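Data block below; observations after.
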Amino acid sequence: MFHIVLACLFFALYVIASTERVDPWGNEFGKVEDMSFSGIVTFAHLPHIKCLDDIDAPFDIALLGIPFDAAVSYRPGARFGPSALRSGSRRQRPDRGYSSRLKIDPYNSALSILDCGDVPVTPFDPAIAVKQVNAAYRSMLQHPVASETTMTKLNMQRGLDNLYHPRIIALGGDHTIVLPILSAIHEVYGPVSVIHFDAHIDTWNPERYNGRVSLQAGVNHGTFFWHAYEQGYIRPNASIHAGIRTRFSGPEDLDDDVTAGFDLIHTFDLDDYGVDWIAQKIKARIGNGPVVISLDVDVMDPSTVPATGTPESGGWTSRELRRVLHQLVGLNIVAFDIVELSPAYDSNGEISAIAAADMVYDFLSILALGVTPNADDARTPARDEL
Ligand SMILES: [Mn+2]
């Protein structure tokens, strides 16, 4: 009898031992963080949730790709911009994100950040694509924030409904996407100021814009700010371009630009007056109202960022642009976008994508540092007020 019991016991032990999971990797290495070059590519290895499908996912900041490029005037290809930005961000890691300059690690701040993937925009119908971008952005703005307490501490802007809404960093895509974005932002915050980094003004009146053969053709990456002005999305006389250097049809383009509410910093102003002057001019123009920062990567020189659809010589370096951006800490920023990165024209070394991804890192740092309360609201006069 005893032998039978013993045999049963050994058999039971044998069964238990033989079903124990063999896990050599886990036993020897445990959980190892992904290397910069390993893993599924999200922006800076951030967690990914498809937020357009998972509508209750909370976050404070979302990266949202908008791979639309059906409204460009020269080289197409910016639909691959979101993918290139993610690839260019691979050396940004949540465990190695501290900036010695800004004294912040946006990936380990109290604000939670997600890579929400891309808006699956149609490449075949620009009118519908614009509607899709607007619907997606509006849905994104209605996601619950993860840390209301932190947003309060950071003096972040509440919506007109007195609620906090998350900050979306749009990864374009051509610049047309900013029209449906501004529409969505206007719905939540009312009219906003725009700080627009670009070689081009993008306030071209579609009545005069080359190639307009239909009403729809007048909605493109050179006219969207004019439409935004006409729709009332932009605060009067409270926006500014920086880095402008393209050619114009004539002085009337600049008159329209003033009408649309923009002041202008030329690319050469950097040499004549320096980074501090540019930052002060921007801040004085904007005041402390809600502001959107829209960055066309062609504001940088093609030697720094060749991967763009309408390159213009004589631009800023990535270093100069980042120094200007760093001085915008404290502004009441409600949205960022980075557009017109078109990786087919990049170098094998991804120089454009890496520079562009670093700008997004600066956007995140600026958000994590919060809003300076009681900023001087004095604005500089517009060109037509001088
Ligand atoms: Mn441009």
State, to one decimal in nm², a quarter of the convex hull surface area for the C-alpha atoms of the range 51-174, i.e. the direction-averaged projected area. 9.4
Taking the beta-carbon count within 10 Å as an exposure proxy, list Ser342, Ser89, Ser83 from fewest neighbours to most. Ser83, Ser89, Ser342
Bridge type composition, the chain - antiparallel percent by DSSP, nearest 5: 10
With 10 angstrom as the radius, rank His326, His241, His227 by how many other C-beta atoms surround their C-beta, starting from the fewest. His326, His227, His241
Distance between modelled label sites at Ser347 and Asp255, nm, 7 Å Cα→Cβ extension: 4.4
Which value in nm describes the separation of the simple spin-label points at Asp161 and Ser38, placed 7 Å from the Cα toward the beta carbon? 4.3
By Cβ neighbour count within 10 Å, fewest first, Ile104, Ile66, Ile234 rank Ile104, Ile234, Ile66
Could you give the dipole magnitude of the chain about its Cα centre, charging the beta-carbon of Lys and Arg +1 and that of Asp and Glu -1, in debye to the nearest 20? 700
Take the range 202-330, compute every pairwise Cα distance, and split them into 5 Å bins from 0; I just need the percent in each bin. 2, 10, 19, 21, 21, 17, 8, 2, 0
Find the lysine pairs in the chain meeting two conditions, Cα atoms under 29 Å apart and a separation of 8 or more places or different chains, and report how many there are. 9
Quick check of the Kirkwood formula: for the range 44-385, what is the inverse mean of 1/r over all pairs of different Cα atoms, in Å? 19.7
Please work out the C-alpha center-to-center distance from the range 249-312 to the range 144-211 and express it in whole Å. 17
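Quick note: the coordinates plus some simple rules give every number you see, no bench work behind them. What you see is a predicted model, and the numbers here were worked out from it, not measured in a lab. Backbone-built Cβ (ideal geometry, glycine too); neighbour counts: all protein chains shown.
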